[in-house]
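What follows is a single structure, written as structure tokens, with notes after it.
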Amino acid sequence: MKKKNQKNQDQDQDQDQDQDQDQDQDIGADDILNFSDKEFENFVREYEQMGDQSLSDQDGKFVAKNEPIYSWKAKEFNQFERGKIWYLAGALIIASIVAVSILVLNNFLMAVTFILIALIFYIYTQKKPREIKVSLAYGGLEVDGVFYEYEDMRSFWIFYNDPPDDAYISIQRDKSYLPYIHVPIGEADPTKIREELRKRVVEKKHKEDVVNVLERIFKL
């Protein structure tokens, strides 16, 4: 008899937990107005534990700011194909600078500096790009684990380059440091990304950085 009562109590507890989970998933602004004092305290405590990562969706439902709407994976940077001619041309340029530094300017420090720069750059060109995850969420963009909130963004623009996997989102932020960030699109749907971003951030044409242009031209 005791075992039966215990079993019934366990079933009742499981049902209560299931009901609580269903309520949490469907909580809206209207539901909060009908909360009892205890229910409201529990609701506030749960969202405080989320680290103030909640906001209201258009349908009156509460979702986490980092709840993804659309996610994709992309390479952290575009790796250009460089042939033997490219490396040969680079070696000749560095050799010429080193020769001028030593023979004409008599500046050995300058020669050593350019040799070190060439070695570092060569090591960089051999680096394989990591695959990072990007999530367009309700409250911002999460790029490789770093969350950028929409409220800190002034505008955005999508650059479509050739090849297509070199396309990226340019984000202008309301920050003195790193005012612009570039988010790779990879093989994701740029139309879908633009559609969702326009609901939350002003779309404004950006000027492409000279550095990015030079990188594509010279395959740096």
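The values are calculated or read from the model by the stated rules, or taken from the named source; none is laboratory data. Here the structure is a predicted model, which is why all the values come from computation and not from measurement. Reconstructed Cβ throughout: ideal geometry from the backbone, glycine too, with neighbour counts over all protein chains shown.
Restricting to segment 106-130, and then to whatever is more than 38 Å from the chain's Cα centre (by Cα) and loosely packed, with under 10 Cβ neighbours inside 10 Å, can you tell me which residue is modelled with the lowest pLDDT? Going through the qualifying residues, I end up with Asn106.
How many residues does segment 72-88 contain that are surrounded by 12 or more Cβ atoms within 10 Å (Cβ to Cβ) and outside any loop (DSSP other than H, G, I, E, B)?
Matching residues across segment 72-88 total 6.
If you go through segment 175-220 and keep only what is exposed (fewer than 13 other Cβ atoms within 10 Å of the Cβ), assigned to a helix (DSSP H, G or I) and β-branched (Val, Ile, Thr), you end up with Thr191, Val210, Val211, Val213, Ile217.
Within segment 197-219, residues that are over 24 Å from Glu151 (Cβ atoms) have Cβ atoms under 8 Å from residues that are aliphatic (A, V, I, L, M) and modelled with pLDDT under 75 in these pairs: Leu214/Leu220, counting only partners at least 6 apart in sequence or on another chain.
Restricting attention to segment 161-174, does a residue exist that is over 18 Å from the mean Cα position of the chain (by Cα), more than 22 Å from Pro68 (Cβ to Cβ) and in a helix (DSSP H, G or I)? Yes, segment 161-174 contains a residue that is over 18 Å from the mean Cα position of the chain (by Cα), more than 22 Å from Pro68 (Cβ to Cβ) and in a helix (DSSP H, G or I).
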